[in-house]
Amino acid sequence: MSDGYKPRVVVLTGAGISAESGLKTFRDSNGLWENHRVEDVATPEGFAADPDRVYRFYNERRAQLQTPGVEPNAAHRALAELEQALGEHFLLVTQNVDDLHERAGSNKVLHMHGELLSARCCQSGQAIRWLESFDETTECRCCIPGAKVRPDIVWFGEVPMHMDDIIIALAQADVFIAIGTSGQVYPAANFVAMAADGGARTIEINLEPSQQNSLFDENIVGEAGKVLPDFVSHFIRDYC
Ligand code: APR
């Protein structure tokens with residue numbers, strides 16, 4: 001990279017980056033999918049079959065996220081620092097539905113799987129910031145008369161959000177970094193190949209090598225909260 005040129009960096013985060021903040025991942029031991037069936041709580045069919053069970057699942061996760069002590073960790077803060085250093089050459093894409101990136105100071109976060117702290121009107125599709133619990137008696141605040149609201153979460157079988165922007169960013173990226181994701185869910189699992197096709201250097205930072213680790217140019221193994229701050233400070237020193 002020539003002098004003065006700031007590399008274009010795309011970061012993808014998964015549940016592993018929030019693990020040290022006390023939030024469960026999905027597929028680690030005692031993960032969310034150990035205690036809930038995906039079909040029941042993360043599909044449109046599950047919502048249609050038993051909306052109450054789905055409302056309870058996301059109300060519990062929202063309440064856990066709002067529990068005192070659940071705070072951004074050093075990995076979230078390191079990514080906010082990297083955004084500061086790279087400006088518009090940085091894009092953070094997350095599969096996570098928590099708000100820990102924003103609370104750590106990240107300004108532009110693309111939540112491709114939606115957000116726990118918003119609800120979606122079942123009639124207009126509009127997303128509404130929603131901090132408290134809700135159920136099927138709750139009416140949206142955007143329609144008259146109010147329609148039902150559903151969790152603003154992208155379920156299996158639904159189209160992830162922001163894909164147009166993500167595809168363009170991956171094609172233009174100089175560096176792609178995947179942090180704390182098992183790489184088992186598409187289309188996010190394909191991002192490393194898409195970035196590599198565009199000529200990006202690809203780096204995986206994970207507690208243990210993911211199923212996709214061989215697809216990456218570099219693998220950094222360790223807890224994100226411990227390895228990412230160092231990685232970011234060296235990256236800023238060398239490239240910004
Ligand atoms: N630091 C870094 N990585 C970690 C840490 C940590 N402290 N703790 C766990 N990990 C890693 C695990 O090794 C695992 O590879 O985080 C990954 C978590 O994987 P998953 O539980 O599968 O979570 P994720 O990859 O985000 O799942 C993707 O699947 O169910 C859907 O919509 C859901 O967004 C989710 C998607």
- Loop-located chymotrypsin sites (Phe, Trp or Tyr not before Pro) in the stretch 94-173, at most 14 other Cβ atoms within 10 Å (DSSP): Phe156
- Message: Strictly under 4.7 angstrom between C-beta atoms: which cysteines of the chain have no such partner?
- Response: Cys122, Cys142, Cys143, Cys240
- GluC sites (Glu not before Pro) restricted to DSSP loop in the stretch 77-182 with at most 11 other C-beta within 10 Å: Glu132
- Return the percentage of antiparallel bridges among DSSP beta bridges fully within the chain, rounded to the nearest 5 %. 25 percent
- Item | Distance from the stretch 161-233 to the stretch 58-105 (C-alpha centre basis), Å | 17 Å
- Task: Can you send over the solvent-accessible area of Tyr239, 1.4 Å probe, protein chains only, in Å² to the nearest 10?
- Result: 80 Å²
- Message: What aspartates and glutamates does Lys226 reach when the alpha-carbon gap must be under 18 Å and sequence neighbours fewer than 8 apart in one chain are set aside?
- Response: Glu20, Glu71, Glu81, Glu204, Glu208, Glu218
- Message: Computing the accessible area with a 1.4 Å probe over protein heavy atoms, can you report the carbon and sulfur percentage for the chain?
- Response: 49 percent
- Task: For the stretch 153-231, report the accessible area per residue in Å² (1.4 Å probe, heavy atoms, rounded to an integer).
- Result: 47 Å²
- Low-density loop cleavage sites - chymotrypsin sites (Phe, Trp or Tyr not before Pro) in the stretch 1-51, where at most 12 other Cβ are within 10 Å (DSSP): Tyr5
- To the nearest 20 debye, what charge dipole does the chain have about its Cα centre, counting +1 at the Cβ of each Lys and Arg and -1 at the Cβ of each Asp and Glu? 320 debye
- Accessible surface of Arg37 - all protein chains present, 1.4 Å probe, nearest 10 Å²: 140 Å²
- Message: Please compute the contact order of the chain in relative form: average sequence separation of alpha-carbon pairs under 8 Å and at least six residues apart, divided by the residue count, as a percent.
- Response: 23 percent
- Item | Phi-based couplings in Hz for the stretch 6-21 (Karplus 6.51, -1.76, 1.60; Gly and Pro marked x) | 8, x, 7, 10, 10, 10, 10, 10, x, 4, x, 6, 9, 4, 6, 8
- Message: Relative to 2.2 N^0.38 Å, what does the C-alpha radius of gyration of the stretch 1-150 come to as a ratio? Two decimals please.
- Response: 1.19
- Note on the structure: Output ordering of 189-201, 173-185 (per-residue mean of other Cβ within 10 Å, highest first) is 173-185, 189-201
- Task: Would you kindly find the accessible area of Lys6, with a 1.4 Å probe and non-protein molecules such as ligands, DNA and RNA excluded, rounding to the nearest 10 Å²?
- Result: 80 Å²
- Note on the structure: Once normalised by the length of the stretch 109-240, the mean sequence separation of its alpha carbon contacts under 8 Å that are 6 or more apart gives a contact order in percent of 17 percent
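The values are calculated or read from the model by the stated rules, or taken from the named source; none is laboratory data. Only a predicted model underlies this, so the values are computations on that prediction, with no experimental measurement involved. We place every Cβ from the backbone using ideal geometry, glycine too, and count neighbours over all the protein chains shown. We work out accessible area using only protein heavy atoms, side chains counted, and drop any ligands, DNA or RNA first. Shrake-Rupley method; radii C 1.70, N 1.55, O 1.52, S 1.80 Å.
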